[in-house]
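Mind looking over this structure? Questions follow.
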Amino acid sequence: MKGGSRYPVSRDIFLGIFALYLHLKGTWANYRCHAIWWGKVTTVGQLTLLMGLSLNFTPPSFLFTGFVVLGLLTFVELLTGLSKERATKSKKKKKKKKK
């Protein structure tokens, strides 16, 4: 479990990468922060793991790799949500121009 203990923070690393992406694109100020599905799933996993550790449960090492996958899914959901948000905004702008 020595190396695996870092993996539960992988979601936070992916969130940092996403924040850096928004900053570099100059869209940080316009981004609407909201809860996302994979973030909630990861939080439940982390809390379950923490409860297990507090009860002296030794989790298998592959369990920690799941947190990397969940972090990546969180990142993908943020990116796809961003592209959907842009598409919605551009449709709204087009409707306003037509009026």
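Hey, any hits in the stretch 57-78 for a residue that's under 19 Å from Asn30 (Cβ atoms) and either surrounded by 13 or more Cβ atoms within 10 Å (Cβ to Cβ) or in contact with a Pro (Cβ under 8 Å, 6 or more places away or on another chain) (or both)?
Yes: one or more hits.
Which residue pairs have Cβ atoms closer than 6 Å, lie 6 or more positions apart in sequence or on different chains, and pair a first residue in the stretch 52-77 that is acidic (Asp, Glu) with a second residue that is in a helix (DSSP H, G or I)?
Matching pairs, first to second residue: Glu77/Trp38.
Oh, and also: Tally time: how many residues in the stretch 24-56 are surrounded by 13 or more Cβ atoms within 10 Å (Cβ to Cβ) and not in a helix (DSSP H, G or I)?
Count: 3.
Read-outs: derived from the displayed coordinates by stated rules, not from any lab. Being a predicted model, the structure only gives us computed values, none of them experimental. In this analysis, Cβ positions are derived from the backbone assuming ideal geometry, glycine residues included, and neighbour counts consider all displayed protein chains.
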